[in-house]
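**Student:** Pasting a structure below so you can have a look.
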Amino acid sequence: MNAIISNTGYCCTCDNYVTFSSHNEWLRDHYICENCRSIPRERALFYCIEKFYPNWAELAIHESSPANRGASFKLKNNCKNYQATQFFPHLPLGWCDSNGWKNENLENQTFPDESFDLVITQDVMEHVFDPAKAFGEIARTLKSGGAHIFTVPLVNKNQPSQTCAVQSGGETLYLKEPEYHGNPISEQGSLVVTNWGYDICDFIFKNSGLYTFMVYTHDVSLGIEAEYIEVLISRKI
């Protein structure tokens, strides 16, 4: 099968000149770096990290729900003050596993105030049941001048964000047909709770006081070409 797209360029996640290619029209998950297997949103994320925080390797960074490749590997391998977290509901908050992960719920974190310079999430915030609380907790754990740098599919674009599921009395109530995204620690995947639109910036400010702007990058020479490729940067002033 011929590739839908194939080109050479520079990969921000593995710092190499590589070939990017996809055999699937859905570039967001299939336009890969043939060296590190990163996908476009990871490369867009790291392009923004290096553009706005070129000293990132010296900073204290919290990444929630890291992937098993690409941007997460680069952060882990190069940042001496990098803390990865996953959420395991059946384990105590703050518990650490042998891989160095801490068990943390974004909505109720155990980290002290102003612990981190950067918080990184990659396609996580659409799966959080109480995003208002999660954004507030992220703001609490950021140092002054710090930022939450993240990707999230803004599928609703100019339409209002839509809640797809809620929790009530320990049960999940579905407000539309359930949709799941891949999850490296769960075969079931992660339920989509919110279809975000561009109004996410107002939502974040209302619930955390963080000022958010979006960066849209379109550059095939960097392997950044896909659907829903915005990177959001929420700053703590």
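**Student:** Considering only the range 58-76, state which residues are over 26 Å from E225 (Cα atoms) and either part of a strand (DSSP E or B) or out of contact with any strand residue (DSSP E or B) (no Cβ under 6 Å at 6 or more places or on another chain) (or both).
**Tutor:** Matches in the range 58-76: E58, A60, I61, H62.
**Student:** Under 6 Å between Cβ atoms, which residue pairs at least 6 apart in sequence (or on different chains) link something in the range 65-80 that is in contact (Cβ under 8 Å) with a residue 24 or more places away in the chain with a partner that is surrounded by 23 or more Cβ atoms within 10 Å (Cβ to Cβ) and in a helix (DSSP H, G or I)?
**Tutor:** G70/E42; A71/E42; A71/L45; A71/F46
**Student:** Please list, ordered by first then second residue, the pairs with beta carbon atoms under 8 Å, 6 or more apart or interchain, first in the range 89-113 and on the phi > 0 side of the Ramachandran plot, second surrounded by 11 or more Cβ atoms within 10 Å (Cβ to Cβ) and assigned to a loop (DSSP other than H, G, I, E, B).
**Tutor:** G94/E104; G94/T110
**Student:** Every residue in the range 93-138 that is within 28 Å of S168 (Cβ to Cβ), crowded, with 19+ Cβ neighbours inside 10 Å and of a type in the set (D, E, K, R), please.
**Tutor:** E104, D123, E126, E137 - these are the residues of the range 93-138 that are within 28 Å of S168 (Cβ to Cβ), crowded, with 19+ Cβ neighbours inside 10 Å and of a type in the set (D, E, K, R).
**Student:** Tell me, yes or no, whether the range 211-218 has at least one residue that is of a type outside the set (D, E, K, R), loosely packed, with under 14 Cβ neighbours inside 10 Å and outside any strand (DSSP E or B).
**Tutor:** yes
**Student:** Of the residues L154, L175, which single one is under 30 Å from H90 (Cβ atoms) and either free of Cβ contacts under 8 Å to residues at least 12 places away in the same chain or not small (G, A, S) (or both)?
**Tutor:** It is L175.
**Student:** State whether one or more residues within the range 69-89 are among the β-branched types (V, I, T), closer than 18 Å to C12 by Cβ and surrounded by 19 or more Cβ atoms within 10 Å (Cβ to Cβ).
**Tutor:** There is no residue in the range 69-89 that is among the β-branched types (V, I, T), closer than 18 Å to C12 by Cβ and surrounded by 19 or more Cβ atoms within 10 Å (Cβ to Cβ).
**Student:** Confirm whether L154 is in a strand (DSSP E or B) and either touching a strand residue (DSSP E or B) at 6+ places or on another chain (Cβ under 7 Å) or surrounded by fewer than 17 Cβ atoms within 10 Å (Cβ to Cβ) (or both).
**Tutor:** So L154 fails the test.
**Student:** Now, a different point. Only residues that are under 16 Å from T141 (Cβ atoms) and charged (D, E, K, R): list them for the range 68-108, please.
**Tutor:** K102, E104, E107
**Student:** Also, I was wondering about something else. If only one of E25, E114, E50 is assigned to a helix (DSSP H, G or I) and of a type in the set (D, E, K, R), which one is it?
**Tutor:** E50
**Student:** Could you tell me which of the residues K176, K143 is outside any helix (DSSP H, G or I), over 20 Å from L45 (Cα atoms) and either touching a Cys at 6+ places or on another chain (Cβ under 8 Å) or of a type in the set (S, T, Y) (or both)?
**Tutor:** K176
**Student:** Take the conditions among the aromatic types (F, W, Y), modelled with pLDDT of 95 or more and buried (at least 19 other Cβ atoms within 10 Å of the Cβ) and apply them to Y53. Does it pass?
**Tutor:** no
**Student:** Does the range 59-95 hold any residues that are out of contact with any Ser or Thr (no Cβ under 8 Å at 6 or more places or on another chain), within 21 Å of E126 (Cα to Cα) and at pLDDT below 95, and which are they?
**Tutor:** A67, N68, F88, P89
**Student:** Counting just the residues of the range 7-28 that are within 17 Å of P153 (Cβ to Cβ) and either free of Cβ contacts under 8 Å to residues at least 40 places away in the same chain or buried (at least 19 other Cβ atoms within 10 Å of the Cβ) (or both), which one comes out nearest to the chain's Cα centre (by Cα)?
**Tutor:** L27
The values are calculated or read from the model by the stated rules, or taken from the named source; none is laboratory data. Predicted, not measured: the structure shown is a model, and the values here were computed from it. Cβ sites come from the backbone with ideal geometry, for glycine too, and all protein chains shown count toward neighbours.
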